[in-house]
Amino acid sequence: AYADSGGPTIFDKIISKEIPSTIIYEDEKVLAFRDINPQAPVHVLVIPKLRDGLTQLGKAEPRHEDILGHLFYAAKIVAEKEGILDGFRVVINNGPTACQSVYHLHLHVLGGRQLKWPPG
Ligand code: 5GP
């Protein structure tokens, strides 16, 4: 896990499409694309197109409330499109102790298999 430098991340190049990704859902505010190293048959990342200081959830401020709500609604749209609405998990890793590796807020949407709890 890396630290939060506040600098650019690989997701900037995914948003600009300089790095290709398999896009599942996109609108003016968010992008959802398949994780390159999937941990389940469905593993999609949902990110804000404008990071606006949201390197991690722990940096959230009142101005971020709208985008945070929109990200969660987009996670539901992804689950619906992927056919996993009856069972899926949304995860946010925050900081090195939680194994966050990319410092641009992202929701993991996981499903398509029996998920275990706790995840470890
Ligand atoms: P984190 O560990 O920060 O919660 O999650 C970062 C996720 O981004 C990881 O699951 C990792 O596989 C994914 N990832 C990193 N680089 C790329 C990339 O270039 N393309 C895609 N599609 N996913 C990536």
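Every number in this text was worked out from the coordinates using simple rules, so none of it is lab data. The shown structure was predicted, so the numbers you read here are calculated from the model rather than taken from an experiment. In this analysis, Cβ positions are derived from the backbone assuming ideal geometry, glycine residues included, and neighbour counts consider all displayed protein chains.
Just a few scattered comments:
- Rounded tilt (10° steps) of 65-82 against the dominant C-alpha axis of the chain: 30 degrees
- Potential extension, ALA98-ILE36 segment - 0.36 nm per residue separation minus Cα distance: 20.4 nm
- Sorting ILE15, ILE92 from the fewest to the most surrounding beta carbons within 10 angstrom yields ILE92, ILE15.
- Segment 55-120 and segment 35-49 have Cα centres separated by 9 Å.
- Helix-only CD estimate at 222 nm, as mean residue ellipticity for the chain, using -39500 (n - 2.57) per DSSP H run (n ≥ 4): -6000 deg cm²/dmol
- Cβ-Cβ distance of ASP52 and LYS116, R₀ of 35 Å, FRET efficiency by 1/(1 + (r/R0)^6): the value works out to about 0.55.
- Quarter of the Cα convex hull surface for the chain, i.e. its orientation-mean projected area (nm²): 7.4 nm²
- Sparse packing (at most 14 other Cβ atoms within 10 Å of the Cβ) combined with a DSSP loop state is found for the following GluC sites (Glu not before Pro) in segment 1-88: GLU18, GLU28.
- Length gained when the stretch LYS29-VAL91 is fully extended (0.36 nm per residue, less Cα-Cα span): 20.4 nm
- Pairs of lysine residues in the chain - Cα separation under 30 Å, sequence separation of 8 or more or cross-chain: 22
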